[in-house]
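Below is one structure, written out as structure tokens; the observations come after it.
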């Protein structure tokens with residue numbers, strides 16, 4: 001693919017059938033902000049909880065004492081190509097999961113170019129350890145990590161042998177699954193296009209930080225992995241999701257793939273605010289059954 005085609009394929013806003021490229025981004029921010037504000041106003045929550053020392057290392061915990069301590073935990077990591085968006089407008093998914101008895105944690109992180117991608121990955125891994133500690137202290141039944149776009153990539157990075165093998169036995173038992181939504185699992189196509197400008201990745205770094213290429217921990221054998229992508233996402237986003245799910249299956253991991261009908265890159269997660277949405281129901285059923 002030449003640079004012009006790569007740029008098109010990895011510009012999700014240019015593939016929406018609902019709105020223009022500018023309008024779909026503007027609407028996404030508006031929808032995400034309104035639903036996040038509603039969740040924070042109506043659901044017990046603890047906001048801006050630090051899990052590290054950097055400015056962006058904060059998370060929001062929804063559920064409070066209104067849910068049993070043993071309730072499962074769903075973690076949500078926002079997208080934005082590692083350089084935009086924010087946890088403060090990323091709790092749009094909370095309401096249906098809270099109604100289903102699931103505690104939700106929305107994770108923030110520092111953004112490029114302030115930090116390198118390797119540092120963002122470390123922050124997410126630190127957040128994961130913090131949340132697994134929280135789950136252990138509460139007596140939670142399970143923890144599930146989910147993410148959208150760049151957040152899908154960051155969630156998939158938890159499969160790395162170096163990180164997962166470092167977990168305590170208790171944490172390994174608690175980590176039950178990953179839900180990866182319209183993620184990027186091979187970063188090398190991003191090297192020559194606008195996405196890499198704030199990241200400044202070298203080819204060696206892109207390979208190192210690509211879940212398609214790293215050594216997946218055998219401890220992931222007990223982790224349920226659900227890979228989803230929108231029917232109206234670009235062909236490259238669809239290919240990346242299908243290739244990664246096929247890789248996991250070929251290596252014997254528990255993975256299934258879902259092409260979510262009708263939705264594009266943005267309403268694929270905006271609709272998580274609706275309890276009758278097919279992907280919302282899939283996630284709830286995964287958590288409840290495991």
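All of the numbers you see were taken from the coordinates with simple rules; none came from a lab. Here the structure is a predicted model, which means the values were calculated and not measured. Counting neighbours? That spans all protein chains shown, and the Cβs are built from the backbone with ideal geometry, glycine included.
Mean sequence separation of contacting Cα pairs (under 8 Å, at least six apart), scaled by the length of the chain, corresponds to a relative contact order of 19 percent. DSSP beta bridges confined to the range 3-289 are antiparallel in about 25 percent of cases. For the chain, modelled as a GNM whose springs connect Cα atoms under 10 angstrom apart, the maximal fluctuation among 228, 35, 162 occurs at 162. Identify the residues of the range 252-284 with backbone N under 12 Å of a label point that sits 7 angstrom from the Cα of residue 290 along the Cα-to-Cβ direction, or state none. Counting backbone N atoms under 12 Å from the label point, the list is 253-257, 283-284.
Neighbouring Cβ atoms within 10 Å as the yardstick, rank 227, 269, 49 fewest first.
Neighbour counts put them in this order, fewest first: 49, 227, 269.
Sorted ascending by nearby beta carbons within 10 Å, beginning with the fewest, 255, 129 become 129, 255.
Note on residue 214 and residue 194: the model spin-label points, each 7 Å out from Cα along the C-beta direction, lie 2.8 nm apart.
What is the list of residues in the range 58-80 whose amide nitrogen lies under 18 Å from a point 7 angstrom out from the Cα of residue 205, following Cα to Cβ? Once the point is set 7 Å along Cα→Cβ of residue 205, 80 turn out to lie under 18 Å by backbone N, inside the range 58-80. Once the Cα-Cα distance is subtracted from the 0.36 nm per residue extended length, the residue 221 to residue 254 segment shows a gain of 11.2 nm. Extension gain for residue 119 to residue 83 (0.36 nm times residue separation, less C-alpha to C-alpha distance): 11.7 nm. Tell me, what is the FRET efficiency for residue 172 and residue 23 to the nearest 0.05, using R0 = 51 angstrom and their Cβ-Cβ distance as r? Computed FRET efficiency for residue 172 and residue 23: 0.70.
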